[in-house]
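Novice: A single structure is presented below for examination.
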Amino acid sequence: MLVTTAGIPSPSPYPSPRWGEGTSSRCVATVRRTLSVSLQVLFVTCALFLHTLALANAQSNGGVLTVGVQLEPPGLDPTAGAAAAIDEIVYANVFEGLARIGPDGAVRPGLAERWDVSEDGRRYTFHLRKNATFHDGTAFDADDVVFSLTRARAEGSLNAQKALFEPIESVTALDPYTVEVRLSRPVGAFLTHLAWGDAVIVAPESAGTNATAPVGTGPFRFSRWRKGDAVELRRYDGYWGDAAPLDGVTFKFISDPTAAFAALMAGDVDGFPNYPAPENLAQFDADARFNLVTGAGEGEMILAVNNKAPPFNDVRVRRALSHAIDKQAVIDGALFGYGAPIGSHFPPHHPSYTDLTGLYPHDPDRARALLAEAGQEGGVTATLKLPPPSYARRSGEIIAAQLRAVGVDVTIENLEWAQWLDQVFTNKNYDLTIVAHTEPLDIDIYARDGYYFQYADEEFNALIAELSETRDAAGRDRLLKRAQEKIAVDAVNVFLAQGPKTAVWSTRVSGVWTNAPLQANDFTAARLKGGGAAEASRRAGSWGAVLWVLCLGGLVYGAYVLVRRGGATYLAQRLVAFAATLAAASVVIFLLTEIAPGDPATFMMGLNATPDAVAALKAELGLDAPAVQRYAAWAGGLFTGDFGTSYTYRTPVADLLAERLQVSLPLAVMALILSVVIAIPAGAFAAARRGRGADAAILGASQAGLAVPNFWLAILLVMVFATGLRWFSAGGFPGWDAGILPALKALFLPAVALAAPQAAILTRVTRSAVLETLGEDYIRTARAKGLSEGAVIARHALKNALIPVLTILGLQFAFLLAGAVIIENVFYLPGLGRLVFQAVLQRDLIVVQSVVMVLVFAVVLAAFLVDIAYGLADPRLRKGRTA
């Protein structure tokens with residue numbers, strides 16, 4: 001139609017152009033050019049990534065051993081926590097005690113070059129090394145020993161093994177390099193206890209900060225801890241002993257077994273001292289690039305029984321359980337054949353081990369007879385509560401089937417660690433459970449009052465009491481064998497298997513421990529031939545702050561433009577709704593974390609911690625304060641930027657959030673950009689070719705993008721581009737200090753995995769919005785005015801189609817920031833998603849609350865920005881609101 005100067009429409013002698021006909025070719029050309037530019041941008045980006053990869057490979061540091069470990073420690077002070085993950089990093093590497101445990105399990109001199117013991121076994125005189133220094137340059141002397149041992153046994157001590165130091169009567173410095181320790185009674189294993197990580201020597205000047213910045217006397221000094229990603233150690237040149245052959249050791253935290261496999265295959269790590277997925281061991285054993293090293297471990301896997309819960313308080317029922325279970329079948333099915341049957345709570349590699357595996361042979365008929373003898377002819381009903389480790393879940397299914405075959409009807413309940421600690425370990429609310437006890441020589445736990453087995457026997461207690469005062473080897477051997485026999489005869493638990501230490505190392509690695517006499521990874525003699533796995537070694541820079549400034553600047557500018565255009569009231573209404581939503585969310589988040597099961601202090605201190613140590617930690621963390629007081633403190637801190645202190649990391653939560661946002665925020669932005677670059681041109685092109693082959697192809701591709709789970713796509717990308725082609729790393733984040741391109745390269749595959757389903761959604765929304773807009777009257781008017789089809793779409797159709805697209809973009813960004821938990825775990829990225837996942841598992845309530853609050857803030861902020869964008873894009877919305 002044409003419009004006359006009088007504004008009266010008159011018929012046009014020419015037919016009006018229709019979408020897809022004639023002039024639509026110009027629109028198609030415009031879309032094609034846009035798509036071409038987008039593809040060129042992606043091509044250049046990929047080329048830069050590949051160039052960066054070549055540089056990274058050329059600059060890899062062959063002297064730094066990169067080690068994969070499954071668990072991140074809650075802190076790095078072994079004298080203030082019982083987590084095995086602490087000793088796995090710092091024992092013998094960073095911290096040393098007066099004595100130390102060697103790879104053969106024997107006690108060896110440490111910071112004490114020798115010692116003398118009195119005839120009555122109550123006085124120990126330690127002669128200290130005179131050339132040892134702490135990593136901060138302070139000298140090591142007798143005062144440090146007095147401080148460390150006094151601190152470990154003091155009232156309010158956080159040492160998880162405080163009971164080990166209870167027999168100490170006094171610690172005296174006879175001279176700067178001689179210390180006398182007097183005991184109230186002889187302790188046969190006193191030197192062994194002093195060789196554990198709980199007894200390492202620390203300096204008064206640095207003891208308070210060892211949890212986050214450890215200072216010891218070992219061959220490696222602490223370099224940095226990138227929370228959720230890695231701990232880096234570097235060789236200490238002032239070490240008193242032989243210098244470590246390695247330049248340093250980097251411990252990478254990779255909890256997911258699939259990610260662990262990918263990291264090894266891609267060469268991101270040089271080995272796993274405790275590989276978490278036994279199902280892959282045969283594959284590594286057949287690969288010439290790796291050495292599979294199987295040694296003796298300290299983990300006794302047991303079917304623990306509540307000895308006070310009927311009918312399991314009857315020894316005949318407990319013996320029936322032992323006869324019902326085929327231990328070798330459990331080892332073959334759950335441990336993939338790696339492990340050895342045991343008959344008591346004692347490691348087979350220990351000299352005092354006695355073989356009791358024949359005491360209860362697999363005999364289902366005998367099990368049924370014992371149940372009948374105990375008056376349980378009708379069968380027994382029981383719950384089997386399983387913690388998260390895969391060995392527990394897999395063996396639980398096998399054992400439940402074997403028990404059902406003899407008349408024990410087992411119901412399996414899978415628990416997270418916090419639930420397990422609360423229900424099983426603390427409250428003893430269970431019948432059966434499966435867990436591995438990894439503490440060395442811990443048979444004495446059966447003599448502890450109130451321990452979760454609920455076994456109480458005066459004869460066994462007397463054996464342990466006598467053992468604690470016996471120093472001669474023959475006497476200790478006799479008592480240990482009697483103790484093993486006693487708990488086996490009483491069938492306290494079903495003793496299943498001794499878990500081995502299965503390690504996978506690159507063939508370039510040598511000098512590592514084969515056996516694990518304690519939970520540690522001693523790399524003082526380790527060597528690395530050729531180049532190790534590349535690892536960044538500079539502190540994180542300020543790119544996160546730059547991103548925050550850019551985002552804040554964009555927000556302020558958008559609000560300024562909106563106010564200038566007459567939307568002040570509209571903006572004020574949005575701000576009030578924004579604040580009210582956050583306030584309500586804070587209350588809900590706090591209440592939900594309060595009612596969640598599990599005690600953070602018990603989780604952090606471990607299974608063998610004393611009640612006094614747990615109570616002391618609760619007081620230190622403020623967990624003994626009323627809930628209202630804790631909420632007020634937390635909510636008040638949110639307004640000042642003080643999110644509190646992490647229970648596990650012992651660092652400000654704000655610092656953790658800042659570190660993780662440097663990963664999650666760029667990842668979300670990168671995924672969103674990829675989504676937009678792909679979806680907008682594709683959606684417009686599909687609309688331009690409506691009903692044609694190109695339209696059908698794009699719709700089919702978008703449907704596939706919606707159907708494919710992003711975690712499956714992530715694993716596929718890792719297998720193809722990381723473990724197969726080795727163009728990218730399998731995961732991890734080097735830090736922005738390593739350079740913009742290496743950091744973006746590390747985020748590229750995760751961003752692709754996140755962007756794919758979002759691009760599919762956005763493509764369909766864009767296509768529908770453009771098609772709907774093209775049917776409006778003003779589009780026909782624009783064409784009638786003689787505008788080109790490209791100008792019609794760019795200046796009229798696409799702009800007015802942005803409202804639904806903006807809505808989807810706002811929702812997508814919030815999802816990309818908050819919903820990347822699985823992707824971050826697949827690629828073991830230290831982002832917000834992985835942080836909240838770990839915090840939930842570790843029962844770090846303050847971190848859970850704060851991270852969820854930040855994610856809620858991100859979602860609400862995204863909605864707020866979309867509302868502002870509405871007001872900017874369509875003046876009718878803000879006028880309607882302000883009328």
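Novice: Ordered by residue, what ³J(HN,Hα) values in Hz, to whole numbers, does the stretch 703-716 give under the Karplus form 6.51 cos²θ - 1.76 cosθ + 1.60, where θ = phi - 60° and Gly and Pro are x?
Specialist: Rounded to whole hertz, the list is 5, 5, x, 6, 7, 7, x, 5, 5, 5, 4, 4, 5, 4.
Novice: Please state the Cα pair-distance histogram of the stretch 364-448 with 10 angstrom bins from zero: what percent is in each bin?
Specialist: 16, 39, 34, 12, 0
Novice: Translational D (Stokes-Einstein, µm²/s) of the stretch 260-306 at 37 °C and 0.692 mPa s when Rh comes from the Kirkwood sum over C-alpha pairs?
Specialist: Working: Rh = 12.5 Å.
Here the translational diffusion coefficient equals 262 µm²/s.
Novice: Can you give the accessible area of HIS135, probe radius 1.4 Å, in Å² rounded to 10?
Specialist: Per-residue accessible area (HIS135): approximately 40 Å².
Novice: Moving on to the next point. What are the ³J(HN,Hα) values, in whole Hz, obtained from phi via the Karplus relation 6.51 cos²θ - 1.76 cosθ + 1.60 with θ = phi - 60°, for each residue of the stretch 130-141 in sequence order, with x given for Gly and Pro?
Specialist: My calculation for the stretch 130-141 gives 9, 10, 8, 9, 7, 5, 8, x, 6, 7, 8, 8 Hz in order.
Novice: Any idea how far apart ALA579 and ASP409 come out in nm if each label point goes 7 Å out from Cα toward Cβ?
Specialist: Distance between the two pseudo-spin positions: 6.0 nm.
Novice: Still on this structure, please answer the following. If you put +1 on each Lys and Arg Cβ and -1 on each Asp and Glu Cβ, how big is the dipole of the stretch 377-480 around its Cα centre, in Debye rounded to 20? Don't jump to the answer; show the numbers that get you there.
Specialist: Working: 9 positive and 18 negative charges, 85 e Å.
Result for the stretch 377-480 is approximately 400 debye, rounded to the nearest 20.
Novice: Less than 30 Å apart at the alpha-carbon level, and either on another chain or at least 8 residues along: which lysines does that give for LYS308?
Specialist: Candidates past the 8-residue exclusion: LYS162, LYS327, LYS385, LYS428, LYS481, LYS486, LYS618.
Novice: Using modelled amide H (1.01 Å from N, peptide plane; none on Pro or chain starts), what sits under 5 Å from the amide H of SER170, excluding residues fewer than 5 places away?
Specialist: Long-range HN contacts for SER170: ARG182.
Novice: Can you order the peptides 835-847, 413-425 by their average number of other Cβ atoms within 10 Å per residue, highest first?
Specialist: Working: 835-847: 23.8, 413-425: 19.5.
Final packing ranking: 835-847, 413-425.
Novice: Under unit Cβ charges (Lys, Arg +1; Asp, Glu -1), what dipole magnitude, rounded to 20 debye, does the stretch 611-747 have relative to its Cα centre?
Specialist: Working: 9 positive and 8 negative charges, 158 e Å.
With only Lys, Arg, Asp and Glu charged at Cβ, the dipole is about 760 debye.
Novice: What is the packing order of peptides 650-662, 137-149, taking the mean over residues of other C-beta atoms within 10 Å and listing the highest first? Could the numbers behind the result be given before it?
Specialist: Details: 650-662: 20.2, 137-149: 18.3.
Final packing ranking: 650-662, 137-149.
Novice: I'd like to compare 121-127, 338-344: which one has the highest average count of other Cβ atoms within 10 Å, and what's the full order after that? Please list the in-between numbers first.
Specialist: On the way: 121-127: 18.4, 338-344: 21.1.
Highest to lowest by the protection proxy: 338-344, 121-127.
Novice: Further, regarding this structure: What number comes out for accessible area per residue over the stretch 308-427 if the probe is 1.4 Å? Units Å², please.
Specialist: Numbers: 4970 Å² over 120 residues.
Accessible area per residue: 41 Å².
The values are calculated or read from the model by the stated rules, or taken from the named source; none is laboratory data. Quick caveat: nothing in here was measured; it's all calculated off a predicted structure. Glycine also receives a Cβ, built like all others from the backbone with ideal geometry; neighbour counts cover every protein chain displayed. Accessible surface areas use protein heavy atoms only, side chains included; no ligands, DNA or RNA. Shrake-Rupley method; radii C 1.70, N 1.55, O 1.52, S 1.80 Å.
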